[in-house]
């Protein structure tokens, strides 16, 4: 059994931020100094630096992403707006890891976190188990795509893919494509695919585009306050768009000009060669792209029974309410890159205070 005072699960922006602040607080590598009383390790499922950014679609360029906040103490170098984010961001993360020397083990897939001995926790993984006093969970959402189920879906003879599987519009060239979803990614992909294919846009609810202008700092602050109120009350949180609405970005305007944003009510069933519309008619499609978002990838925490009867997890700051050994970052209000940085710092501060009070740390 390996041992670390704190185990960070996930090596994306949230996990790197947590690791940085643990090191600043005097925590040492649990890999190089496993006998120390103040140690930590970062377990990352990805084979290389970059987290989920390594798997973004090729056409998502730095000019298109919603902004990558600097990792703590490590300003980004100038970026080429035309470079794919899947290469630019991982390169930046890799440079940060080299500069900070964080104890990151990869690829390591955590399978479960359970009650351990002596008031601690056991982190189980495909590369051995870890005994720990506290965890900082930073696993994000990319590995947990939402895939709705509709009648007849398994009979469809065409292509079915999720945003997570998307590479470029060329994989749908010349097809009739049903794009499902009302979020930012759905609009981005509609813009791209509608240039090379016939698209049909389906959403459960009428999409809401903001016509009042969008001031990022004010709107971002208001959104974070709303999401924070939800997690502090233990309510399940929704997508970013459910809080902010959609924005008339250049790609949204381009899609509208081509008629790609003519939304249809959600179809009621899938048939071998198409979909059954809400009005009972049938539309032939060659592919269905489920741009239906992601949920927090926290199934490995199920043994701790953190969810309430509503399916939410109540937080106080980054800490699971009533469970000072478990902190969630890159979750709820800290899903943005700036929020992830702040959450990493806050989680480390709270864990250090808890461990000191509990007597697990003597200095």
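Read-outs throughout are calculated quantities, based only on the coordinates presented, and are distinct from any laboratory measurement. None of the values given here were measured: they were computed from a predicted structure. Heads up, the Cβs are rebuilt from the backbone with ideal geometry, glycines too, and the neighbour counts pull from every protein chain shown.
Below is a table of values for the structure above.
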quantity: Burial ordering of 301, 246, fewest other beta-carbon atoms within 10 Å first; calculated: 246, 301
quantity: Distance between region 259-273 and region 153-183 - C-alpha centres, whole angstrom; calculated: 12 Å
quantity: Per-residue Cβ neighbour rank within 10 angstrom, fewest leading, 292, 316, 100; calculated: 316, 100, 292
quantity: Fewest-first ranking of 349, 305, 354, using other Cβ atoms within 10 Å as the exposure measure; calculated: 305, 349, 354
quantity: Principal-axis tilt of helix 216-232 within the chain, Cα atoms, nearest 10 degrees; calculated: 70 degrees
quantity: Among (i) 79, 69, 47; (ii) 81, 51, 36; (iii) 69, 46, 39, the entry derived from the coordinates for Cα extents along the principal axes in Å; calculated: (iii)
quantity: Relative contact order (%) - criterion: Cα under 8 Å, at least six apart; region: the chain; calculated: 22 percent
quantity: From the C-alpha gyration tensor of region 98-186, square roots of 5λ in Å; calculated: 39, 18, 12
quantity: Acute angle (nearest 10 degrees) that the helix 85-100 long axis makes with the longest principal axis of the chain, alpha-carbon atoms; calculated: 10 degrees
quantity: log10 of Debye I(q)/I(0), alpha-carbon scatterers only, for region 1-151 at 0.12, 0.18 Å⁻¹; calculated: -0.54, -1.04
quantity: Rel. contact order, % - alpha carbon contacts under 8 angstrom, at least six apart, region 238-335; calculated: 10 percent
quantity: 15 Å reach of a label modelled at residue 155, 7 Å along Cα-to-Cβ, counting backbone N of region 266-305; calculated: 268-277, 281-285
quantity: Rounded tilt (10° steps) of 13-24 against the dominant C-alpha axis of the chain; calculated: 20 degrees
quantity: Residue 211-residue 198 pseudo-label distance in nm [points 7 Å out on the Cα-to-Cβ vector]; calculated: 3.1 nm
